[in-house]
Structure formats: C-alpha cells, structure tokens
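**Q** Before I ask anything, let me first share the structure, which is written out below as structure tokens.
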Amino acid sequence: MLKPILTEEQLKQINIWLSDCTHFVICAHLSPDGDAIGSSLGFASFLRSLGKEVTIVMPNQFPEFLHWMSGTDTILLADRDTEQVKEAFAAAEVICCLDFNDLSRIEELGEIARNSSADFWLIDHHLDPGDFSKVSVSFPNMSSTCEVVFRIIYQLGGFGTMTKEAAECIYCGMCTDTGGFTYNSNSSDIFFIISLLLEKGIDKDLIYRKIYNNYSANRVHLMGYVLYEKLQVLEDVHASYFTLDREELERFQYIKGDAEGLVNIPLTIKGMKLSISLREDLEKNRIWVSLRSVDDFPCNKMSEAFFNGGGHKNAAGGHLDCSMGEAIELVKKAIHEYKPLLLEKNSY
C-alpha cells in the first residue's frame, strides 16, 4: 500500500474543488518534457473521469518523441493558440500547476495565469515551491511529478477507473525523469507504482522504445557530431561540456527534442561527474543550458548560481541571454568554482 500524501486540510479543499468546480486548466513548465506532459495528461484523464472540463496548456511546443501519448493533440500551446489559452484561463475555476515550482517558470503564461480569478493547485517535485497556490502538493524527494500525480489519484480513489492510456502517460513521465529508472529511483514505492500501472495493461518495454528509440536519422547524425567534434572533456576535473549553435542545428535539420539526452552521454566516461550542454535557441537570442551529474554533485545549485535556472541535484537546466563565447566562459568559471566538489572521489 502507498502511504497517503495529502493532509486532511488539503483533502478538504480538494474535495470542495472536485465537488463545486467544473472548469480546470492544467499547465506545465516552459519546454515541457516527459514528466510535464505525462503528468498533465494523466491528471487530466482523472479529472475528466469525474465529469470535469479540462484544458491542458503548455507554454511552447514539446518534443516530437512524446506525441505518441493519448491526448497530446488536444494540448494548447500558449505561443501559438494565444486567444484560446486566454479564454481557457478566464473561464478556469482551478489552475493546476504541474512540474514547476513558481509562475516565473512559465514566463509569459504566468502573467495570463495571474490575471485569472481561479484558485491555484500546485503539484510538483522541485525544491523551494513558491507561495502562490491555495494547495501545494510538493515532494522534492519523489522521482517525478508523475509519481506525485499517481499518489494523489490513488489516495482520492481514482485508480480503479484509471485508463490504460492514462497509465502509459504516468509511466512515461516517471521513466523519463529518472533516465529509465537509473537515477533518483531507489524508493521501493516507485516499483510498487509500476506494478500497479502494469495491472492496467501497459507495455513498459514498448513505452521505453517509443521514448528512447524513436528518433530521426538526423538526430543520430547530430549525436555523432556532438561526440566526435564538439565534446570538450576536462579529465582533470571530471567534467565536460559541448555547444550547439543555430547554424549547426539547422545543418542537422533539428526539431524539438533532437538534443534530448545528449547531455547524459558524457557521464558514461569513467570518473566523469558533470556534463553541461549549451544549445542556441532557433528563434530567440537565448542559449539553453542543461546539466547532469552523478553522486552528490549538486548541478541544481550550479544552475541557480550561474545559469538562471535550477532543478534537481543530478538533473538541472537554465538559460543565458548572451553570446555563445560568453556562455562558454561562464561554464568554465562555474566548473572552476565547483572544482573541489568535482575532485571528490566517485562512489564507484
């Protein structure tokens, strides 16, 4: 059995919403990933099973390899479906904020949300949740927001009516936010939840292939280019970084999601503790930063200090509004600042 995570006070407010409210909006963070999309679709399915009208809104497009999940064709994008998004937020009675800890994480969409008269319900697993929601269900120690969503549904008695399609979405988010259950996934509860999802008929092996074996040839060529031409390995400090500028992305006909997971690969080098990627946005003058680490190296703290971001201990992200040359210098400075931690002995 899973231990309840909702307090009596939270249950009281949630039951009021589920009893009295009809119009719900679900939104997740900028550049949504598998956990953001999976948790949103899974939670929307639960609310709809209760007769609620649910609109899912994302700030911008999500990776192509996530489009197989049931319901992705109904998701509104704030940077494309602006008027529909404004109408949805205006009609909302409850705004469910999934997989982010502060309205600043959804940028312009945050302003639309602030102008709504709806109550906020935060469901997340990131550190330091903001004080903007009427109910905050935040568990940074959990593997993913999908895990938190499943536990909420389970505690509210919704597991019995959960569909196979919703179970697939929840499993997808748990899988992607743990790197296929290779980090942040040592809790036995995670595998109990997986066993319950399997009871819904999901094919976890097929889901894995849809996530990780579903790229274009261009993506594979891009990966080879990064590893052979672009990867800078700083063996003396157990760190690495690589860059991808706009011209290189266009050369490999980059589409959203093609760079997903590339930052993890350098961590397969013996003794490597930190990997950083710098990728230019194809439209904005912005550089997206991804960080991955092993053991106790806090790449979320590095991201907060140097890259206007945050995240989890071993997986974080941020952005820079500067030139690539300046971004590289900042990476070098960050690595120098954290050199003592990088030189600590690995656990294996």
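**Q** Can you confirm whether residue 346 is on the phi > 0 side of the Ramachandran plot, assigned to a loop (DSSP other than H, G, I, E, B) and surrounded by fewer than 15 Cβ atoms within 10 Å (Cβ to Cβ)?
**A** No, not satisfied.
**Q** Working only within region 19-33, note down all residues that are over 17 Å from residue 105 (Cα atoms) and open to solvent by less than 30 Å² (accessible area, probe 1.4 Å). Show your work before the answer.
**A** Let us first name the residues in region 19-33 that are over 17 Å from residue 105 (Cα atoms), namely 19-24.
If the condition is that a residue be over 17 Å from residue 105 (Cα atoms) and open to solvent by less than 30 Å² (accessible area, probe 1.4 Å), then 21, 24 are the ones that fit.
**Q** Here is a check on your reading of the model: is residue 303 within 24 Å of residue 223 (Cα to Cα) and of a type outside the set (Lys, Arg)?
**A** Criteria met by residue 303.
**Q** Separate question: From the set of residues in region 119-131 that are modelled with pLDDT under 95 and either within 14 Å of residue 104 (Cα to Cα) or open to solvent by less than 50 Å² (accessible area, probe 1.4 Å) (or both), which is nearest to the chain's Cα centre (by Cα)?
**A** Selected residue: 126.
**Q** Select, from 112, 152, the only residue that is in contact with a strand residue (DSSP E or B) (Cβ under 7 Å, 6 or more places away or on another chain) and assigned to a helix (DSSP H, G or I).
**A** When all the criteria are applied, what remains is 152.
**Q** Related question: Just checking, how many residues over region 285-305 are open to solvent by 30 Å² or more (accessible area, probe 1.4 Å), in a strand (DSSP E or B) and of a type in the set (S, T, N, Q)?
**A** Summing the residues that are open to solvent by 30 Å² or more (accessible area, probe 1.4 Å), in a strand (DSSP E or B) and of a type in the set (S, T, N, Q) in region 285-305 gives 1.
**Q** Also, quick follow-up: Please count how many residues of region 227-247 are closer than 19 Å to residue 31 by Cβ and without any contact (Cβ under 8 Å) to a residue 40 or more places away in the chain.
**A** 3
**Q** Okay, next question. Take the conditions open to solvent by less than 20 Å² (accessible area, probe 1.4 Å), modelled with pLDDT of 95 or more and outside any strand (DSSP E or B) and apply them to residue 137. Does it pass?
**A** no
**Q** What are the pairs with Cβ atoms under 9 angstrom where one residue, in region 54-69, is within 15 Å of residue 213 (Cα to Cα) and the other, located anywhere, is assigned to a loop (DSSP other than H, G, I, E, B) and small (Gly, Ala, Ser)? Sequence gap at least six, or different chains.
**A** Every condition considered, the pairs that remain are 63/31; 63/257; 64/216; 64/257; 65/257; 66/257.
**Q** Here's a follow-up. Tell me, yes or no, whether region 258-267 has at least one residue that is touching a residue at least 60 places away in the same chain (Cβ under 8 Å), open to solvent by 10 Å² or more (accessible area, probe 1.4 Å) and in a helix (DSSP H, G or I).
**A** Scanning region 258-267 turns up at least one residue that is touching a residue at least 60 places away in the same chain (Cβ under 8 Å), open to solvent by 10 Å² or more (accessible area, probe 1.4 Å) and in a helix (DSSP H, G or I).
The values are calculated or read from the model by the stated rules, or taken from the named source; none is laboratory data. Just so it is clear, the model here is predicted, and its values are computed rather than measured. Neighbour counts are summed over all protein chains in view; Cβ atoms, including those assigned to glycine, are modelled from backbone coordinates with ideal geometry. Just so you know, the surface numbers come from the protein's heavy atoms only, side chains and all, with ligands and any DNA or RNA stripped out. Shrake-Rupley method; radii C 1.70, N 1.55, O 1.52, S 1.80 Å.
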